[in-house]
Amino acid sequence: MENPRKPAINQHTLYADVHDFYSALAQGLDSARRQISMCYLAFEDGFWAREFARILHSKMKQGIRVRLMVDELGQLTDEPQRLHGNFEILDRLQSSGVHVDVFRPSAPLYIGNRVHAKFTGIDDRIAFLGGSNIGDYYTTWSDTNLCLDGRLGNTFHKVYDLLHGFSRKGDAGNRRVDVNNLRVGNEQLWLTVPRHSFGLRDAMLRLIRNADRAVFVRTWYFLPDKEMLEALCQQAEKGVQVNVLLSHRTRIRAVDFANHIHVHKLVCAGADVHRYMGRYMHSKAAWNDRGDALIGSANLNSNSMSINFETCLEIHDTTLTWELRRAFYADLADSPKQTPESYSKRSLTDKAITHACNLASPWL
């Protein structure tokens, strides 16, 4: 007989294709019976946003509690050419009865403390999280997303309340949550809460340092702080296979220049670093040879580790890490390996720009 006190094992479905992820998310939303909580940096007008809006409205009409939170700055800047439509779709949802929260950080936080978290909680049995916001253009990018299925509890709904508690129109009482004990079924959800909690960063350092033979990192932005970079370099120098895949181009060109210094230090320590040369690689995932993984919204940079609101799930699942590794190697076909010469061959102008951008990297 199953022990009712012991959480059931969560089931994981990995999505390397964003179109497939959105299709699964639509099916999950359509299956909701009691509550939906969605939180994204941006909800961009387009086919998929309209499809999700249609489902959310339908579920609200059925008496289901439906909530959507977006970051105000993200909604403004993530895809500026769709600015009017982006807010129009939120207005239509709100007018139809769906509860829409636009996150504006309350003092002492400032406009740079953004809700960068990306998750959907459905009842107490399904959740979706990963690197993708809601926007049609994400279907043309490489990304990493995950569906959880199991007895998950109400953690994602509670985190929605927590994040809203830091917004200007939120209830500050919702901040009183033990963020170091956010269980999702049998797994732990880690957060970055600016000025309050940096458990996600600690979890990332543990994952890197606990690797025996190999550690893998996929990240959109690669600007690790000094301690994080040292941890990766030390593992590489010890003979641990350190593998990093980063997007060669992001939508912030200063980041693309600045990270050449971090990459060079890591390569010289013996790590394997590859630059994804496809359109964009937006993943935020790390795992090691022991079957430990962190998947969610956090890049390997200071913003994700201390400035933005972020969520990542800590998972122990060797099958999942094997799938992550397979997707990692599949993307290497578009990702040249970096060598010490990759940096030394750069022009003096590029090196000067790189050093200038690197000085500004704590704020990028």
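The values are calculated or read from the model by the stated rules, or taken from the named source; none is laboratory data. Computed from a prediction, not measured in an experiment: that's the story for all the values here. Note that each Cβ is placed from the backbone with ideal geometry, even for glycine, and that neighbours are counted across all protein chains shown. Ligands, DNA and RNA are excluded from the accessible area calculation, which covers all protein heavy atoms including side chains. Shrake-Rupley method; radii C 1.70, N 1.55, O 1.52, S 1.80 Å.
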Discussion item. Suppose all protein chains stay in the model; what accessible area per residue would a 1.4 Å probe give for the stretch 156-209, in Å²?
Written reply: 44 Å²
Response to the item:
Taking only the alpha-carbon positions of the chain as identical scatterers, the Debye log10 I(q)/I(0) at q = 0.10, 0.12 Å⁻¹ comes out as -0.60, -0.87
Discussion item. Quick query: amide H of Tyr280 versus all other amide H atoms, modeled in the peptide plane; which residues come in under 5 Å with a sequence gap of 5 or more or a different chain?
Written reply: Ser142
Worksheet item: Given the Cα-Cα distance of Asn154 and Ala24 and 0.36 nm per residue of separation, how much length would full extension add, in nm?
Response: 44.8 nm
Worksheet item: Residues of the stretch 1-116: accessible area per residue at 1.4 Å, in Å²?
Response: 50 Å²
Worksheet item: Leaving out ligands, DNA and RNA, what percent of the accessible area of the stretch 235-364 is carbon and sulfur, probe 1.4 Å?
Response: 54 percent
Worksheet item: When only DSSP loop residues count, what GluC sites (Glu not before Pro) in the stretch 1-100 have their Cβ near at most 10 other Cβ atoms within 10 Å?
Response: Glu2
Response to the item:
Check: in the chain the Lys pairs 8 or more apart or on separate chains whose Cα atoms fall under 22 Å apart number 20
Item to complete: Determine the share of the stretch 45-176's accessible area contributed by carbon and sulfur atoms, expressed in whole percent, with a 1.4 angstrom probe.
Response: 49 percent
Item to complete: May I ask what percent, to the nearest 5, of DSSP beta bridges between residues of the chain are antiparallel?
Response: 60 percent
Worksheet item: In degrees from 0 to 90, rounded to the nearest 10, what is the angle of the helix 348-359 Cα long axis to the longest principal axis of the chain?
Response: 50 degrees
Practice prompt. Could you go through the stretch 294-309 in sequence order and give the Karplus-derived ³J(HN,Hα) for each residue, using 6.51 cos²θ - 1.76 cosθ + 1.60 with θ = phi - 60°, rounded to whole Hz, and x for Gly and Pro?
Written response: 10, 10, x, 9, 8, 7, 8, 8, 5, 4, 6, 8, 8, 9, 8, 7
Practice prompt. Could you let me know the centre-to-centre spacing of the stretch 152-189 and the stretch 190-221, using Cα atoms, in angstrom?
Written response: 19 Å
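Please identify every one of the trypsin sites (Lys or Arg not before Pro) in the stretch 18-102 that sits in a loop by DSSP and has no more than 13 other beta carbons within 10 Å of its own beta carbon.
Counting only loop positions with at most 13 other Cβ atoms within 10 Å, the trypsin sites (Lys or Arg not before Pro) in the stretch 18-102 are Arg33, Arg34.
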Practice prompt. May I ask for the angle, rounded to the nearest 10°, between helix 18-30 and the longest principal axis of the chain, with both axes built from Cα atoms and the value confined to 0 to 90°?
Written response: 20 degrees
Worksheet item: Hey, in the GNM for the chain with a 10 angstrom Cα cutoff, which one of Gly131, Gly296, Gly278 fluctuates hardest?
Response: Gly278
Item to complete: Taking only Cα atoms and a 10 Å spring cutoff, compute GNM fluctuations for the chain and point out the largest among Leu348, Leu189, Leu83.
Response: Leu348
Practice prompt. Any chance you could give the angle, 0 to 90 degrees and rounded to 10, that helix 155-164 forms with the longest Cα principal axis of the chain?
Written response: 90 degrees
